[in-house]
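Worksheet: one structure, shown below.
The values are calculated or read from the model by the stated rules, or taken from the named source; none is laboratory data. Computed from a predicted model, the values in this text were never measured in an experiment. All Cβ positions, glycine included, derive from the backbone under ideal geometry; neighbour counts span all protein chains shown. The accessibility values were calculated without ligands, DNA or RNA, using every heavy atom of the protein model including side chains. Shrake-Rupley method; radii C 1.70, N 1.55, O 1.52, S 1.80 Å.
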Amino acid sequence: MSYLDLDFLSEDTLKAAKELLGKKIVTYTNGVTTSGYITEVEAYLGTKDRAAHTFTGVKNKKNSTMFEPYGHIYVYTMHGHHCMNFVTTKDLPEGILIRGIEPAEGIEEMILRRGREVNLTDGPGKLTEALGVKRDTHNGKILNTGYVDIYDGKIPKEIVATPRIGIDNKKEAVDYLYRFIVKGNKHVSRFKGKQDDNNGWQ
């Protein structure tokens, strides 16, 4: 199986965020393969987006990976949790936060890492723990080089756009519809509505 061509990350971040839904993420940690299909993402548009870590346009130790070209992995920590982003565009500090995945391979290992079976990967800190993604190991690495690989996966029946989560103090950015989810899939944070018979996939 061939890696996904990453060129779709190079231009429009909002479009790329929607295109990421359904793609398969694979990690290899301590000799164990774990994977899942992306169900939820949030786009962050750099200097045009008050909620982005790069809104000021100033590079610092924390956000420096966001100034790298598309395809880099940006991992930051918040409240002790690791959050994984994929850097987009060729020359703008924009990116996409991976917020939820539907577990596929290595589920038993994911459960061991998380210490629980329910709500396994329905949040950015939960999915990184399940996949073994950490800031000191993965931040600054490039996709499809054996750290985090992406492949084609499933196709959503319907994509829903909503405001992002946890940015209540970001003024106008609070209302931007930059969070995208697979409608009907239960593996998303703040799941509402009825679960689709096929988890929202075609």
Please count how many residues of the range 60-74 are of a type in the set (Val, Ile, Thr) and farther than 17 Å from Glu11 by Cα.
1
Which condition does Glu40 not pass, out of (1) assigned to a loop (DSSP other than H, G, I, E, B); (2) within 27 Å of Lys157 (Cα to Cα); (3) open to solvent by less than 10 Å² (accessible area, probe 1.4 Å), if it passes all the others?
(1)
Which condition number in (1) crowded, with 18+ Cβ neighbours inside 10 Å; (2) out of contact with any Phe, Trp or Tyr (no Cβ under 7 Å at 6 or more places or on another chain); (3) not in a loop (DSSP other than H, G, I, E, B) is the one that Thr33 fails?
(1)
Suppose the filter is within 22 Å of Thr13 (Cβ to Cβ) and assigned to a loop (DSSP other than H, G, I, E, B); does Ile165 pass it?
yes
Would you be able to say whether some residue in the range 171-194 is in contact with a helix residue (DSSP H, G or I) (Cβ under 9 Å, 6 or more places away or on another chain), acidic (Asp, Glu) and open to solvent by 70 Å² or more (accessible area, probe 1.4 Å)?
no
Quick one: is Val188 modelled with pLDDT of 95 or more, in contact with a strand residue (DSSP E or B) (Cβ under 7 Å, 6 or more places away or on another chain) and in a strand (DSSP E or B)?
no
Given Leu97, Leu92, Leu14, which one is in a strand (DSSP E or B), at pLDDT 95 or above and not polar (S, T, N, Q)?
Leu97
Looking only at residues in the range 72-121 that are more than 15 Å from the chain's Cα centre (by Cα) and of a type in the set (Lys, Arg), which one is surrounded by the most Cβ atoms within 10 Å (Cβ to Cβ)?
Arg113
